[in-house]
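Heads up, the thing below is written out as structure tokens.
The values are calculated or read from the model by the stated rules, or taken from the named source; none is laboratory data. Predicted model only: the values in this text are computed from it and were never measured. FYI the Cβ positions are ideal-geometry reconstructions off the backbone, even for glycines, and counts take in every protein chain you see. For the accessible areas, the whole protein counts, side chains as well, though only heavy atoms, and no ligand, DNA or RNA atoms are used. Shrake-Rupley method; radii C 1.70, N 1.55, O 1.52, S 1.80 Å.
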Amino acid sequence: MKTDSASIKKRYDRLAPYFDGIEAMMEGLVFKSWRKRLWAKVEGAHILEVGVGTGKNFDYYPKDARVTAIDFSPAMLEQASVNRARKGVSVELAEMDVQALCYADNSFDTVVATCVFCSVPAPLKGLRELHRVCKPGGQVLLLEHVLSSRPLIAKLMNFINPLVVGLVGANINRNTVKNVKAAGFNSVRIDKHSGDIIKLIEARK
């Protein structure tokens with residue numbers, strides 16, 4: 001099974017027209033409230049959203065901030081562009097891979113990613129890129145699903161992970177907290193409302 005950027009991009013390109021419908025139930029039951037919580041923590045005037053997808057975070061963008069949003073899937077960006085126009089959101093969209101960002105060091109006050117690092121082939125490389133483009137004293141906010149700390153659940157997640165990757169290109173067994181701690185940030189904390197699998201990670205440069 002291929003898990004390189006090109007093959008994963010093709011999977012997301014294929015799913016893009018149906019993506020919101022596929023995730024509608026989980027979005028309403030779980031992720032909508034988490035998105036609100038994450039974006040309430042955003043600071044600064046210049047924000048980068050990594051993995052914008054179809055634009056599920058558009059409703060939560062700060063009104064007084066300049067937001068740049070990227071995705072490596074052109075088909076996802078097409079959906080985001082449609083939603084940007086429909087919602088009247090001010091955001092600059094760009095096609096880009098988080099593993100090789102085309103921005104200068106220390107460019108953004110806050111960097112945001114929601115359910116992104118499950119799909120990045122080299123997650124530590126991508127997280128180090130977020131650290132690089134974040135300003136000193138700035139923050140990276142991540143909403144991610146991670147491998148359970150419960151042995152039986154973790155074993156099941158590891159067992160079915162190849163199937164999930166094959167279908168949608170997303171890993172369900174990543175240890176993203178450990179990866180963030182290895183990416184060079186001065187501090188990493190987990191929002192106290194986080195559960196066993198869904199984590200809101202706050203990293204400060």
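Taking region 125-142 and a reference point 7 angstrom along Cα→Cβ of Ile190, the backbone N atoms nearer than 18 Å belong to 140-142. Separation of region 69-95 from region 134-195 is 25 Å, based on Cα centroids. Karplus-derived 3J(HN,Hα) values for region 41-48, using 6.51 cos²θ - 1.76 cosθ + 1.60 with θ = phi - 60°, are 8, 5, 10, x, 9, 10, 10, 10 Hz; glycine and proline are entered as x.
For Lys205, the lysines whose Cα falls under 30 Å of its own Cα, not counting residues fewer than eight places away in the same chain, are Lys9, Lys32, Lys36, Lys41, Lys56, Lys63, Lys125, Lys135, Lys178, Lys181, Lys192.
So what's the back-of-envelope 222 nm ellipticity for the chain, counting only DSSP H runs of four-plus at -39500 (n - 2.57) apiece and dividing by all residues, rounded to 500?
Numbers: 7 runs with 72 residues, N = 205.
Rounded to the nearest 500, the figure is -10500 deg cm²/dmol.
With a 1.4 Å probe and all protein chains in place, put Lys192, Lys32, Lys135 in order of accessible area, largest first. List each step's numbers first, then the result.
Values: Lys192 165, Lys32 100, Lys135 70 Å².
The ordering from most to least exposed comes out as Lys192, Lys32, Lys135.
Amide H contacts for Gly138 (H built 1.01 Å from N in the peptide plane; partners 5 or more residues away or on another chain; cut-off under 5 Å): Lys205.
Taking all pairs of different Cα atoms in the chain, averaging 1/r and flipping that mean, what Kirkwood radius in angstroms comes out?
Working: mean 1/r = 0.0585 Å⁻¹.
Value: 17.1 Å, from the Cα pair sum.
Site pair Leu156 and Leu124 shows an inter-label distance of 3.0 nm when each label is modelled 7 Å from Cα along Cα→Cβ.
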